[in-house]
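A.B. asks: Take this structure first; my questions come after.
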Amino acid sequence: MPSLGRLHLITDTRPGRDPLAVVRAALSAARADLVVQVRVEDTATDRETYDLASRIVALCAPYGARCLVNDRLHVALAVDAAGGHVGADDLPVDAARRVLGPTAVLGATAREPNTATAAVAAGATYLGVGPCNATTTKDGLPAPIGVTGVRAVAEAVDVPVIAIGGVTAAQVPALRAAGAYGVAVVGALSAAADPARATAELIGALTC
């Protein structure tokens with residue numbers, strides 16, 4: 001499996017956001033430690049998703065950063081992304097692995113040990129675990145699992161655990177101590193006044 005960065009930036013394509021500007025700023029600070037997960041609104045067309053993902057793949061390439069596409073695995077293949085990520089309502093992990101092939105990065109969402117171990121057995125190479133905290137960037141999420149929930153999953157699997165859900169730089173040390181390999185963020189960067197500085201703070205917390 002290709003190396004995996006510790007900071008995952010999930011694109012924020014809600015009205016008023018500029019995902020490409022945020023990606024550029026984050027790449028300048030994190031470089032190869034960044035993974036960009038292209039996530040779009042449900043109303044986005046495949047063409048819109050393709051256009052955004054292809055531009056992000058091109059932005060990541062000079063830095064050696066990885067680009068993944070959430071949910072729409074056919075777009076991941078079309079833009080030659082490093083892989084994809086599937087949630088609970090997307091393709092099953094084993095089906096996603098067949099779509100992407102044996103060497104692609106494949107993330108899966110989990111919030112408790114049983115589903116986590118099943119996802120890894122089905123072919124997931126990392127897990128997005130949460131939400132750790134309450135967050136407003138995605139509707140319909142279950143109750144937060146906190147640091148204790150992240151620890152339970154991390155102790156059950158031997159793949160990288162990426163904590164997600166309202167994560168801030170101040171929370172990173174506790175999440176790392178609980179076994180998280182890295183963190184995934186949306187608003188911490190997309191809503192930051194200075195995304196490059198916010199990225200540097202997260203990277204500093206992840207690597208100290």
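The values are calculated or read from the model by the stated rules, or taken from the named source; none is laboratory data. Note that the structure is predicted; figures quoted are calculated from it, not measured. Glycine gets a Cβ as well: all are built from the backbone with ideal geometry, and neighbour counts include every protein chain shown. When the accessible area is computed, the model is the full protein with side chains, heavy atoms only, and any ligands, DNA or RNA have been set aside. Shrake-Rupley method; radii C 1.70, N 1.55, O 1.52, S 1.80 Å.
A.B. asks: If you scan the range 187-202, which residues turn out to be open to solvent by less than 20 Å² (accessible area, probe 1.4 Å) and aliphatic (A, V, I, L, M)?
C.D. replies: Hits for the range 187-202 are LEU189, ALA198, LEU202.
A.B. asks: For the range 140-172, enumerate the residues that are hydroxyl-bearing (Ser, Thr, Tyr) and not in a loop (DSSP other than H, G, I, E, B).
C.D. replies: THR148
A.B. asks: Which numbered condition trips up GLY146, out of (1) open to solvent by less than 40 Å² (accessible area, probe 1.4 Å); (2) at pLDDT below 95; (3) in contact with a strand residue (DSSP E or B) (Cβ under 7 Å, 6 or more places away or on another chain); (4) among the small types (Gly, Ala, Ser)?
C.D. replies: Unmet condition: (3).
A.B. asks: (1) outside any helix (DSSP H, G or I); (2) farther than 22 Å from GLU112 by Cα: which one isn't true of LEU189, the others all being true?
C.D. replies: Every condition holds for LEU189 apart from (1).
A.B. asks: Identify all residues within the range 173-186 that are touching a strand residue (DSSP E or B) at 6+ places or on another chain (Cβ under 6 Å) and either surrounded by fewer than 18 Cβ atoms within 10 Å (Cβ to Cβ) or part of a helix (DSSP H, G or I) (or both); write none if there are none.
C.D. replies: LEU175
A.B. asks: Continuing with this model, one more query. Taking helices (runs of 4 or more DSSP H) that fall entirely within the range 1-83, which contain at least 1 residues that are within 23 Å of TYR181 (Cα to Cα), in contact with a helix residue (DSSP H, G or I) (Cβ under 6 Å, 6 or more places away or on another chain) and open to solvent by less than 70 Å² (accessible area, probe 1.4 Å)?
C.D. replies: Counting at least 1 such residues, we get 19-30.
A.B. asks: Scan the range 155-166 and tell me whether some residue there is closer than 20 Å to ASN70 by Cα, modelled with pLDDT under 95, open to solvent by 20 Å² or more (accessible area, probe 1.4 Å) and touching a Ser or Thr at 6+ places or on another chain (Cβ under 6 Å).
C.D. replies: yes
A.B. asks: Now for a different question. Filter the range 98-111 down to residues that are touching a helix residue (DSSP H, G or I) at 6+ places or on another chain (Cβ under 7 Å) and open to solvent by less than 60 Å² (accessible area, probe 1.4 Å) and give me whichever is farthest from SER3 (Cα to Cα).
C.D. replies: Checked the range 98-111; the qualifying residue farthest from SER3 (Cα to Cα) is ALA110.
A.B. asks: Based on what the data block shows, is ALA116 open to solvent by 10 Å² or more (accessible area, probe 1.4 Å), under 22 Å from ALA180 (Cβ atoms) and either touching a helix residue (DSSP H, G or I) at 6+ places or on another chain (Cβ under 9 Å) or touching a residue at least 24 places away in the same chain (Cβ under 8 Å) (or both)?
C.D. replies: When the stated conditions are applied, ALA116 does not pass them.
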